[in-house]
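Here is the structure we will look at.
The values are calculated or read from the model by the stated rules, or taken from the named source; none is laboratory data. Here the structure is a predicted model, which is why all the values come from computation and not from measurement. Backbone-built Cβ (ideal geometry, glycine too); neighbour counts: all protein chains shown.
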């Protein structure tokens, strides 16, 4: 589902180019949950942005579901992401003036699916947010916000789910619930790439890869 080979990503720094990713290769198969563990600043989030089609690499090759997202025009790449990739971030990125149900529904705007309203309601139920469906993010607990963000990531039935430190802000009970949902997605045939510096985030993974200084060991 995901195949990345020899990925290089550099950024301009005050003392010259900084190599955030230094020849990273990684693969995730359908039905697999792969975790990348490493300290803050080692390149984990940059890796997710690159393989998710959000940040063009300086070198290497990315294929998601057999296709190179960077070979598509910008509009085509945006639609490709909307249809095949779900993102769950540590900071949630919920739209503050939309309700939980509206936030969960938002990705469907890119696809115009006729069953979108019912699917959004079902995801809200599945993630235990029925009583919060008409609340805005500021009225939710941290755990509820993460569950809403994860429900939104699954709205378009993606093939690949990318999770960036999804348990970093959560207590043990909420972290366990989020990890259970990620494992359920993989068990159903989806592919999950999770990055974390938190040992809790790797306990359900089929494989755990260590990352440091832009490289995976």
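Here are a few things to note about the model shown:
- Of all the residues in region 158-184, those that are in contact with a strand residue (DSSP E or B) (Cβ under 9 Å, 6 or more places away or on another chain), crowded, with 22+ Cβ neighbours inside 10 Å and under 18 Å from residue 128 (Cβ atoms) number 5.
- Members of region 185-196 found to be buried (at least 17 other Cβ atoms within 10 Å of the Cβ) and either modelled with pLDDT of 90 or more or more than 13 Å from the chain's Cα centre (by Cα) (or both), listed by number: 185, 186, 190, 191, 192, 193, 194, 195
- Strands (runs of 3 or more DSSP E) fully within region 1-85 counting 3 or more residues that are within 27 Å of residue 151 (Cβ to Cβ), under 16 Å from the mean Cα position of the chain (by Cα) and touching a residue at least 40 places away in the same chain (Cβ under 8 Å): 33-37
- Residue within region 8-25 that is within 25 Å of residue 187 (Cα to Cα) and either modelled with pLDDT of 95 or more or buried (at least 18 other Cβ atoms within 10 Å of the Cβ) (or both) present: yes
- Hey, residue 51 within 21 Å of residue 143 (Cα to Cα) and surrounded by 17 or more Cβ atoms within 10 Å (Cβ to Cβ) or not: no
- Some residue of region 201-211 being surrounded by 15 or more Cβ atoms within 10 Å (Cβ to Cβ), touching a strand residue (DSSP E or B) at 6+ places or on another chain (Cβ under 8 Å) and closer than 23 Å to residue 95 by Cα: no
- Sub-7 Å Cβ pairs linking a first residue in region 155-174 that is without any contact (Cβ under 8 Å) to a residue 60 or more places away in the chain and on the phi < 0 side of the Ramachandran plot to a second residue that is surrounded by fewer than 21 Cβ atoms within 10 Å (Cβ to Cβ) and part of a loop (DSSP other than H, G, I, E, B), at least 6 apart or interchain, are 167/198, ordered by first then second residue.
- All positions within region 175-187 that are over 15 Å from residue 87 (Cβ atoms) and touching a residue at least 60 places away in the same chain (Cβ under 8 Å): 183, 186, 187
- Failed item, numbered, when residue 131 is tested on (1) in contact (Cβ under 8 Å) with a residue 12 or more places away in the chain; (2) surrounded by fewer than 17 Cβ atoms within 10 Å (Cβ to Cβ): (1)
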